[in-house]
Amino acid sequence: MEPETVQHPPWYIEPQEGESISHYFGRFRRHEAVCVSYPGTLSKAAGIGPVLARWEKFRFNPFPSQKELEAIGKLIGLEADRIALMFPPKGEKMKIEPIRLCAACYGEQAFHRLEWQFQSKVGCDSHKLRLLSECPYCKERFSIPALWENGECKKCHAPFRSMAKRQKAY
């Protein structure tokens, strides 16, 4: 007996392990089969109100309900349990601002990690580097990860991966 293959819709995008909900939905909205510029459009289509715009900004109060996760999951072709992994674990407080980045991690795999926004994090455990909260070249704060289309500073266009050499050890 052959293993059953899962059929995904043409707009399906596989989340990266540890990817933040903000970055994931930015990638999803830019997908060629989706092309939705405003998060409210997806929220409305899922029938869950304007919550996606809040989620993309790491505003999880109130925390997403199972009903909301299932509704958006049905729309995008992703299990609610998998979407839940892109939110902080219960009890983990989030740092809404500034948006933070480990450029060394981003250079290895180009996506925003949820854990970079945890209040308990000051640095990257893998690289032993402090997280960046602004471009080290022009000092512009980073945009929300949903807007990270090209992986670069929105002001001076320095690639995120190039910023690793400017990160300090911790």
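The values are calculated or read from the model by the stated rules, or taken from the named source; none is laboratory data. All figures in this text were calculated on a predicted structure; none of them were measured in a lab. All Cβ positions, glycine included, derive from the backbone under ideal geometry; neighbour counts span all protein chains shown. Just the protein is used for accessible areas: all its heavy atoms, side chains included, with ligands, DNA and RNA removed. Shrake-Rupley method; radii C 1.70, N 1.55, O 1.52, S 1.80 Å.
Odds and ends about this structure:
- Cross-chain or 6+ apart pairs with Cβ under 6 Å, the range 127-146 first and within 15 Å of HIS112 (Cα to Cα) and at pLDDT below 95, then open to solvent by 40 Å² or more (accessible area, probe 1.4 Å) and of a type outside the set (Val, Ile, Thr): none
- Filter result for HIS157 (at pLDDT 95 or above and within 30 Å of ALA46 (Cα to Cα)): no
- Failed condition for GLN7, given (1) of a type in the set (S, T, N, Q); (2) in a loop (DSSP other than H, G, I, E, B); (3) open to solvent by less than 70 Å² (accessible area, probe 1.4 Å): (3)
- Residues satisfying the stated conditions in the range 134-164, i.e. touching a strand residue (DSSP E or B) at 6+ places or on another chain (Cβ under 7 Å), part of a loop (DSSP other than H, G, I, E, B) and open to solvent by 40 Å² or more (accessible area, probe 1.4 Å): GLU140
- Of the candidates ALA103, ALA53, the single residue that is free of Cβ contacts under 8 Å to residues at least 24 places away in the same chain and closer than 29 Å to LEU132 by Cα is ALA53.
- Exactly one residue among GLU4, GLU79, GLU97, GLU68 is within 30 Å of SER162 (Cα to Cα) and either modelled with pLDDT under 90 or among the acidic types (Asp, Glu) (or both), and that residue is GLU97.
- Figure legend. Inter-residue proximity from the range 75-91: first residues in contact (Cβ under 8 Å) with a residue 60 or more places away in the chain and under 16 Å from LEU52 (Cβ atoms), second residues open to solvent by 30 Å² or more (accessible area, probe 1.4 Å) and of a type in the set (Gly, Ala, Ser), beta-carbon distance below 9 Å, spacing 6+ or different chains. Indicated pairs: MET86/GLY18.
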